[in-house]
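The numbers here are math on the coordinates, done by the rules we state, and not lab data. The structure presented is a predicted model; accordingly, all values stated were derived computationally and were not measured. Here Cβ is always computed from backbone atoms with ideal geometry, including for glycine, and neighbour counts include all displayed protein chains.
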Amino acid sequence: MNRQPVLLDKAYLLMNHGPVTLVSSAHGERRNVMAASWTMPVDFSPPKVAVVIDATSFTRQLVDASGAFVLNIPCRRIAAQVLAVGSVSGRDGDKFAACDVAVIAEPAAPAPLIAGCAAWLACRVIDEPDNHARHDLFVAEVTAAWADADIFSNGRWHFPDDASRTVHYLAGGNFLASGEAFAVDA
Ligand SMILES: Cc1cc2nc3c(=O)[nH]c(=O)nc-3n(C[C@H](O)[C@H](O)[C@H](O)COP(=O)(O)O)c2cc1C
């Protein structure tokens, strides 16, 4: 793994193709991770993202308390962990050990980075209580971003193998892996 910073005005490219994400969060002694497919970039510079974080989730409790989270972009190699952390609550016990999820320490991030991912976006919640309460919708500013340069560099995805592909969630434990890029003339 070759984690490198991504320029903030290029951070939207890490989510532009609509992959499933992992939302990691932390507050005090508690930390957590859940799956989230309802996410999207919403601005270039400063980069902003939107994510739905259900009011009943433990993640929501930690994000409400900390005002921050990390969006991790998982590779196919950890798809089983994506489904697992999206199927149980951290309120009932630490998911990192239970779901075999490894982390990467990063002082500039407000929560653990999840190992086995292609990219990571550190996010600070923009305070919009009405959107939080009415739609479980969180808009956040990206404060730092990183990518595994073996998978994403110079603004482009270049998956070296199938295990490194990002993934898209369908339903019922079914995923699609991201495919090959192709270009068309404008
Ligand atoms: C692939 C997948 C995608 C999901 N997407 C979302 C999402 O976008 N927003 C959300 O609130 N929950 C989503 N969930 C459900 C949460 O991940 C799930 O409720 C999780 O158990 C919450 O964990 P927590 O209580 O530890 O925070 C998704 C689940 C899966 C499996």
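Report summary: the helix-based calculation at 222 nm, which adds -39500 (n - 2.57) for every DSSP H run with n ≥ 4 and divides by the residues of the chain, gives -3500 deg cm²/dmol.
Normalised by 2.2 N^0.38 Å, where N is the number of residues, the alpha-carbon radius of gyration of segment 68-126 equals 1.12. When the Cα atoms of segment 3-177 are aligned to their principal axes, the ranges along those axes come out at 39, 36, 31 Å in descending order.
The slack in the chain from residue 127 to residue 1, taken as 0.36 nm per residue of separation less the alpha-carbon distance, amounts to 41.9 nm. Neighbour counts of C-beta atoms inside 10 Å place 123, 75 in the sequence 75, 123, starting with the fewest. Note on segment 46-66 and segment 145-161: Cα centroid distance 26 Å, given to the nearest whole angstrom. For segment 125-165, the alpha-carbon radius of gyration amounts to 1.80 times the rule-of-thumb value 2.2 N^0.38 Å expected for a compact globular protein.
The order of the peptides 82-89, 115-122, 14-21 by mean Cβ neighbours within 10 Å, most packed first, is 115-122, 14-21, 82-89. With the convex hull drawn over the C-alpha atoms of segment 90-181, the volume per residue is 172 Å³.
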